[in-house]
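The values are calculated or read from the model by the stated rules, or taken from the named source; none is laboratory data. Just so it is clear, the structure is predicted and the values come from calculations on it, not from any experiment. Ideal geometry is used to build each Cβ from the backbone, glycine not excepted, and the neighbour counts take in all protein chains shown.
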Amino acid sequence: MVAAGLTFGVLGPLQVHRDGVEVAVPSRRQRAVLAALLLRRDETVDVDHLVQAAWGERPPRSPKAALHTVMSRLRGTIGADVVLSEPSGYRLTPTDDALDADRFRAMCDSAAREPPAEALDLTERALRLWRGDFLPEFADSPFAEVEAARLTQRRLAACEERASLQIQLGEVEEAAAGMAALVHDNPLRERAYGLLMRALYLAGRPSEALDHYQAHRQFLVAELGLEPSPELRDLQMQILDHGIPRADRPTLSHPVPRWLVDGTTFVGRADAVAELVDAVASHSLTTVTGPGGVGKSRLAAQVLEGLSRRLAMPAAVAELDAAGPEDVDLAVAAALGLGHVRDAVAEAVLEYLGITPTLLVLDGCEHVRDAVAAFAASVLRHCPRTHLLVTSRRRLAVHAEQVLPLEPLALPPTTTVPGAQPGTAATELFVDRARRVRPGLAFDRDALTAVAAICRRLDGLPLAIELAATRAAALGVVEVRDRLARSLDLLEETDDGGPSVRRTLDWSYGLLSPSEQALLRALAVFEGGFDLASAEHVAPSRTSGSVPADLAGLVDASLVQVHQDGGVRYHLLQLVRSFASERLRRADDADEVHLAHARWVRSCVRSVAERSVGPDDAAAVVGLETDMLNIRAAVSWALGAGHPQLAGEITGTVTLASTMWPVCADLSEIVRKAADSPDVLATSAGPLAQAAGAFVAATRGELATGEREARAALARTAPDATMTADQRTLALSALGVSALYGGDHPQSRRCWWEMLEVDGTSLARRSGAYSSLALIAHYDGDTPAARDLAALALSTAEAAGAVAYRGFARYATAEVVSGEDRSAAVPLFVAAARDAYLVGAQYVGGLANIALLAVLTRSQRRAEALGVVGPLLDRWFRLGAWPQQWTTLRIFAELLAEDRPESAALLLTAADAASSAPAVTGADARRYAKLGADLRAELGTSVFGRITELGSILPRAQVVDRARVTAGELTNGRPQALQPDESARW
């Protein structure tokens, strides 16, 4: 490692400093090899690369000896221990902060996690590290080109980020000046134009903002034949409408979630509803604050549908009660339906919200306030059209936050006029909830006076009032009033200044029988709900009560909530669950309860795995989704409580059940955690858990990891090990997928054939192997073999009765048929997608629709193709499936080439520049090379070159947004043909 005190600069002319004193490197060749080593720091750089850096296209007669001389002199200049000589080349390993480019990146990354003021300071400090252009001496040298382009783009993005932060902090004139200079030199950077327009508008200069928009539009139309981005067009309309958002753009379909809908009346909050609606509509971040039990979540739920309509945007709810600080991004991604996020979750969420303005509710944030504040700051910075509604006992303290304190319900006065009824919102709620337990319950004047006393005793807290009302239905109002007076001082305040709901829960808990108390404690282990059978699994063995009777008693006491969701299910309100969890932690049977819960989860996922390969696969995947939170909780407990075998069995079996349904982002992390645990790998479940980790890595696109872990799992499989068939089939699937995605068809083919030889492999999984083999044969041009294998896949899937595997087999069959008869393949692709979507196998359905889009496009069935492309773009964007997204965009470019060549060129060149786009080979490579050449000829080399430049710098989400809007314009409201109906469930 480089000695401390030695630093290097590449953000400008090459510099070396030792203890703050500049060290001159006089020879250009020495500077060239030093720069090449710095750009590939921590790697061994081979001799050929360094020779090319030093001498370019005119190497010396003895390059190795000449390089040795240069390196010796460089060592003499900067220190003999700085550059290490290795058998295959040279290595330079600087300390973490020795290179200014690394410090720049680190400061920019840190700024993204800080509040605006701190973020602005970090960003400005990062930008001050730049002393000019990146290594200008080597601007034309091939060894520096890639890093120069990458860091220059990062520098421009940091300048834009600085302007965004300045706008948030009210420094709009500074932001406008910075962005005006930036767009003058970089006219294709649309985010900079948007920031410039926003800053000018907020500075009271709207006409200048509109002038800049028109100038930019004229440039794009004249030079590239393109319109500004949909986001920029929206901003123009907002300025024309004086900040009123317009709702005439297509958005991803996302219905308002049914959240906290329990059929009860909403009492006493009319003013709060109106105030909250106006606040959220007028501000990007609104936080409802108040003590626990005051009704923050219920208020947010009450306004959700109306707000979604008023803002003309979809709504989503992320419940964070059970989340840790590291789970906030995952919870939001799940709420948005982003599904199997492959890369950085936070980046995927911001990409989604950046092009899909959303009303996002973050509920129950007080225990993760810092993480939520950082997330909210990022959304405000990058997604200005999204509206955040937060519920928390305390405000987030984020810039531009609008705080709405929610007070307890209005209370009756302590004295009333004789003969008057003491009616207020609090007493109305009490009466309503009591009559829900005992319909027709009468309340005379004396009873209402007692109710008023109870509500005052409970300080108007809705949750406490509801709990007391359910008890009053059984004990009588006067008895409840008297018990409260004897046992509680409910006006004692908590740390956050609110009345203590905890004391109400203590009181209600004390009225339960011992067996009801034990069951309530046990039910705290469930996350995401449970049914009666589940409750019976975790009930402590030493209790004497009947679980059905005790559960009914807890429901009557309003400590357990009931809801109908494909059957009767139950859940605890978060305050009740927190209370019960505390009681469980202090109980002697806590480990027994948690172990019973984990074993119940194991039995559930085993059942799902068995059903996922048969006729009941649709219900199986629903079961997996329903118990996702319970699965994660059980594995987390098992890993931390010394039960690694149990953790490995659960994660392995979950993945085995999910080979047709990629494991969601939330569960994939826990699967990888188990696969990486030495304790898990040391158990007999280790090979299965490791195979599960390999499969998750492969489906994420981490091909090297997937292959390495799959081979390790296969090597550890012993003939007498338990679940050997499952271990081998899962590991072989991971290895086969990794090889197929990596283009190694022979290796992939060997895996699927070997899977067919594993004793005990189910018919459904055999069908999946045949389908994969058919696709490989088709890709390799062996049509007769592909046809035979596809027929085997379909007949085997039919025998298994598994709908998802039948969909995969139909997709493989359609691919084979499309090579000979495109028209005949169309109904096969539609049927394959319908089968897949029927059971939620979104990837299989999406692949079938990609192939359908290609066939329709290449058969000149334009209208039908347009009906497929829009929903397909939306689906891949939700799933974060960028390889499939870029494939779809390339096909869409084919579709646009005739009528919109500029848009086609943008999509095609953006895909070519994207690191997440799959390489095209064979016939596809020839097809897209010809398409690019045709577009270049039609548009001219200059225009095509500028469009290529734009495609290389546009954020990928903006590329998708342009494509979505174009698809919407071309369909012009026509029905989307050939799309299988998946709206009923998915």
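Kindly evaluate LEU34 against the criterion of being at pLDDT 90 or above and closer than 30 Å to VAL345 by Cβ. When the stated conditions are applied, LEU34 does not pass them. Selection of region 792-807 for residues being in a helix (DSSP H, G or I) and aliphatic (A, V, I, L, M) yields LEU792, ALA793, LEU794, ALA797, ALA799, ALA800, VAL803, ALA804.
Can you name every residue in region 385-407 that is outside any strand (DSSP E or B), of a type in the set (D, E, K, R) and either modelled with pLDDT of 90 or more or under 30 Å from ALA426 (Cβ atoms) (or both)? Give the derivation first.
Of region 385-407, the ones outside any strand (DSSP E or B) are 385-386, 393-400, 406-407.
Cutting the leftovers down to of a type in the set (D, E, K, R) gives us 385, 393-395, 407.
Listed by number, the residues that qualify are ARG393, ARG394, ARG395, GLU407.
Show me the helices (runs of 4 or more DSSP H) found entirely inside region 565-648 where at least 1 residues are crowded, with 19+ Cβ neighbours inside 10 Å and modelled with pLDDT of 95 or more.
Working: elements: 574-586, 590-611, 617-626, 628-640.
Counting at least 1 such residues, we get 590-611, 628-640.
Yes/no per residue for (1) touching a helix residue (DSSP H, G or I) at 6+ places or on another chain (Cβ under 8 Å); (2) surrounded by 18 or more Cβ atoms within 10 Å (Cβ to Cβ):
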site	(1), (2)
ALA904	yes, yes
VAL920	yes, no
ARG926	no, no
ALA929	no, no
GLY945	no, no
LEU950	yes, yes
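Going residue by residue through region 769-781, is there one that turns out to be in contact with a His (Cβ under 8 Å, 6 or more places away or on another chain), closer than 20 Å to MET660 by Cβ and among the aliphatic types (A, V, I, L, M)? There is at least one residue in region 769-781 that is in contact with a His (Cβ under 8 Å, 6 or more places away or on another chain), closer than 20 Å to MET660 by Cβ and among the aliphatic types (A, V, I, L, M).
Of all the numbered requirements in (1) among the hydrophobic types (A, V, I, L, M, F, W, C); (2) within 23 Å of LEU129 (Cβ to Cβ); (3) modelled with pLDDT of 85 or more, ALA4 misses one, and that requirement is (3).
Condition (residue is touching a Cys at 6+ places or on another chain (Cβ under 6 Å) and in a helix (DSSP H, G or I)) applied to region 374-384: is it met by at least one residue? Steps first, answer last, please.
First, the residues of region 374-384 that are touching a Cys at 6+ places or on another chain (Cβ under 6 Å): none.
No, region 374-384 contains no residue that is touching a Cys at 6+ places or on another chain (Cβ under 6 Å) and in a helix (DSSP H, G or I).
Across region 110-133, not a single residue is classified as closer than 26 Å to PRO59 by Cα and part of a helix (DSSP H, G or I).
Considering only region 86-101, state which residues are under 22 Å from CYS159 (Cβ atoms) and free of Cβ contacts under 8 Å to residues at least 60 places away in the same chain.
Taking region 86-101 as the starting set, the residues that turn out to be under 22 Å from CYS159 (Cβ atoms) are 99-101.
Those that are under 22 Å from CYS159 (Cβ atoms) and free of Cβ contacts under 8 Å to residues at least 60 places away in the same chain: none in region 86-101.
Taking (1) in contact (Cβ under 8 Å) with a residue 12 or more places away in the chain; (2) among the hydroxyl-bearing types (Ser, Thr, Tyr); (3) over 24 Å from VAL696 (Cβ atoms) in turn, SER795 satisfies each apart from (1).
Taken residue by residue, region 807-820 has at least one member that is surrounded by 24 or more Cβ atoms within 10 Å (Cβ to Cβ) and more than 19 Å from THR783 (Cα to Cα). Considering (1) in contact with a Ser or Thr (Cβ under 7 Å, 6 or more places away or on another chain); (2) over 20 Å from LEU39 (Cβ atoms), the lone condition that GLY89 does not fulfil carries the number (2).
Screening GLY840 on (1) assigned to a helix (DSSP H, G or I); (2) in contact (Cβ under 8 Å) with a residue 60 or more places away in the chain shows it passes everything except condition (1).
Is there a residue being over 31 Å from the mean Cα position of the chain (by Cα), in the same structural domain as MET107 (by TED's automatic domain parsing), assigned to a helix (DSSP H, G or I) and among the aromatic types (Phe, Trp, Tyr) anywhere in region 141-151? So that I can check it myself, show each step before the final result.
So the first thing to find is which residues in region 141-151 are over 31 Å from the mean Cα position of the chain (by Cα), and the list is 141-145.
Checking the rest, the ones that are also in the same structural domain as MET107 (by TED's automatic domain parsing) come to 141-145.
Adding the requirement that they be assigned to a helix (DSSP H, G or I) leaves 142-145.
Narrowing further to those that are among the aromatic types (Phe, Trp, Tyr): 143.
There is at least one residue in region 141-151 that is over 31 Å from the mean Cα position of the chain (by Cα), in the same structural domain as MET107 (by TED's automatic domain parsing), assigned to a helix (DSSP H, G or I) and among the aromatic types (Phe, Trp, Tyr).
Counting only helices (runs of 4 or more DSSP H) that sit completely within region 880-986, those holding 1 or more residues that are modelled with pLDDT under 95, within 25 Å of the chain's Cα centre (by Cα) and not β-branched (Val, Ile, Thr) correspond to 882-896, 901-913, 941-953, 956-971.
Taken over region 197-242, the criterion of being closer than 15 Å to VAL172 by Cβ and acidic (Asp, Glu) is satisfied by GLU208 alone.
Checking the stated criteria, GLU492 turns out to be in contact with a helix residue (DSSP H, G or I) (Cβ under 8 Å, 6 or more places away or on another chain) and either assigned by TED's automatic domain parsing to the domain that holds SER578 or modelled with pLDDT under 80 (or both). For region 359-373, a tally of residues being of a type in the set (A, V, I, L, M) and part of a helix (DSSP H, G or I) returns 4. Scanning region 675-699 for residues that are surrounded by fewer than 24 Cβ atoms within 10 Å (Cβ to Cβ) and either under 11 Å from ALA712 (Cα atoms) or not assigned by TED's automatic domain parsing to the domain that holds THR729 (or both) returns a single hit, LEU681.
Select from region 808-835 the residues that are in contact (Cβ under 8 Å) with a residue 40 or more places away in the chain and either part of a loop (DSSP other than H, G, I, E, B) or of a type outside the set (Lys, Arg) (or both) and list them in ascending order. Reasoning before the result, please.
Taking region 808-835 first, the residues in contact (Cβ under 8 Å) with a residue 40 or more places away in the chain are 808-809, 811-812, 815-816, 819, 826, 830, 833-834.
Matches in region 808-835: PHE808, ALA809, TYR811, ALA812, GLU815, VAL816, GLY819, VAL826, VAL830, ALA833.
Being surrounded by 14 or more Cβ atoms within 10 Å (Cβ to Cβ), of a type in the set (Ser, Thr, Tyr) and at pLDDT 85 or above: is that true of THR416 here? Before you say what the answer is, go through the steps one by one.
Numbers: surrounded by 14 or more Cβ atoms within 10 Å (Cβ to Cβ): yes; of a type in the set (Ser, Thr, Tyr): yes; at pLDDT 85 or above: no.
It is false that THR416 is surrounded by 14 or more Cβ atoms within 10 Å (Cβ to Cβ), of a type in the set (Ser, Thr, Tyr) and at pLDDT 85 or above.
For region 863-877, taking the residues that are under 28 Å from PRO955 (Cα atoms) and not hydrophobic (A, V, I, L, M, F, W, C), the one that is surrounded by the most Cβ atoms within 10 Å (Cβ to Cβ) is identified as ARG875.
For region 188-209, give me each residue that is more than 35 Å from the chain's Cα centre (by Cα) and in a helix (DSSP H, G or I). Result: PRO206, SER207, GLU208.
Is it the case that LEU667 is over 30 Å from ARG806 (Cα atoms) and surrounded by 21 or more Cβ atoms within 10 Å (Cβ to Cβ)?
no
Would you list the strands (runs of 3 or more DSSP E) that sit entirely within region 1-57 and hold 3 or more residues that are crowded, with 19+ Cβ neighbours inside 10 Å and within 41 Å of the chain's Cα centre (by Cα)? If you could, list the steps in order and put the result at the bottom.
Details: elements: 6-9, 15-18, 44-46.
The qualifying strands (runs of 3 or more DSSP E) are 6-9.
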